[in-house]
Amino acid sequence: MDYTYLIIDSNATTSLQLQSQMREFQDFSCAGTVSNAEHGVNHILKLKPDIVIVNFNEKAETYLTMVLQL
C-alpha cells in the first residue's frame, strides 16, 4: 500500500534532504512540498496526503495554528 506525504518546511535544503531519505521507502511517495503554513493548509485540503511532515523550527507557533485550522 502506498502512502502519500506532504512536507512543510521553510528550509529548502532540509526539505530536499528529507525527500531524498524518504525515497528509500517504496511505500511512500511525496505529494508535494510547501514552505509555509498558509500554503500547507491549502495543499493538505487539496491533496489530502496520508502523512504531513512539518519542520517546526522557529515558526512552531504558526504551524500549530495551521493544525488548529484543519
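The values are calculated or read from the model by the stated rules, or taken from the named source; none is laboratory data. Being a predicted model, the structure only gives us computed values, none of them experimental. Positions of Cβ are generated from backbone atoms using ideal geometry, with glycine treated the same way; all protein chains shown enter the neighbour counts. Remember, those area values only see protein heavy atoms, side chains included, never the ligands or the DNA or RNA. Shrake-Rupley method; radii C 1.70, N 1.55, O 1.52, S 1.80 Å.
Test Thr4 against the criterion of being surrounded by 14 or more Cβ atoms within 10 Å (Cβ to Cβ) and touching an Asp or Glu at 6+ places or on another chain (Cβ under 6 Å), and give yes or no. Spell out the reasoning first.
Numbers: surrounded by 14 or more Cβ atoms within 10 Å (Cβ to Cβ): yes; touching an Asp or Glu at 6+ places or on another chain (Cβ under 6 Å): yes.
Against the criterion (surrounded by 14 or more Cβ atoms within 10 Å (Cβ to Cβ) and touching an Asp or Glu at 6+ places or on another chain (Cβ under 6 Å)), Thr4 qualifies.
Looking only at segment 1-30, how many residues end up being part of a strand (DSSP E or B) and among the small types (Gly, Ala, Ser)?
We begin by selecting, within segment 1-30, every residue part of a strand (DSSP E or B); these are 3-8, 28-30.
Checking the rest, the ones that are also among the small types (Gly, Ala, Ser) come to 29.
Summing the residues that are part of a strand (DSSP E or B) and among the small types (Gly, Ala, Ser) in segment 1-30 gives 1.
What about Thr62, is it in a helix (DSSP H, G or I), under 13 Å from Ser10 (Cβ atoms), in contact with a helix residue (DSSP H, G or I) (Cβ under 8 Å, 6 or more places away or on another chain) and touching a residue at least 24 places away in the same chain (Cβ under 8 Å)?
On the way: in a helix (DSSP H, G or I): yes; under 13 Å from Ser10 (Cβ atoms): yes; in contact with a helix residue (DSSP H, G or I) (Cβ under 8 Å, 6 or more places away or on another chain): yes; touching a residue at least 24 places away in the same chain (Cβ under 8 Å): yes.
In short, yes.
In segment 46-59, what residues are farther than 16 Å from Ala12 by Cα, open to solvent by 90 Å² or more (accessible area, probe 1.4 Å) and in a helix (DSSP H, G or I)?
Within segment 46-59, Lys46 is the sole residue that qualifies.
Could you figure out which of (1) surrounded by fewer than 17 Cβ atoms within 10 Å (Cβ to Cβ); (2) of a type in the set (S, T, N, Q); (3) in a strand (DSSP E or B) isn't true of Thr33?
Checking Thr33 against (1) surrounded by fewer than 17 Cβ atoms within 10 Å (Cβ to Cβ); (2) of a type in the set (S, T, N, Q); (3) in a strand (DSSP E or B), the one that fails is (1).
For Lys46, indicate whether it is free of Cβ contacts under 8 Å to residues at least 12 places away in the same chain and either in contact with a helix residue (DSSP H, G or I) (Cβ under 9 Å, 6 or more places away or on another chain) or not polar (S, T, N, Q) (or both).
Numbers: free of Cβ contacts under 8 Å to residues at least 12 places away in the same chain: yes; either in contact with a helix residue (DSSP H, G or I) (Cβ under 9 Å, 6 or more places away or on another chain) or not polar (S, T, N, Q) (or both): yes.
The answer is yes for Lys46.
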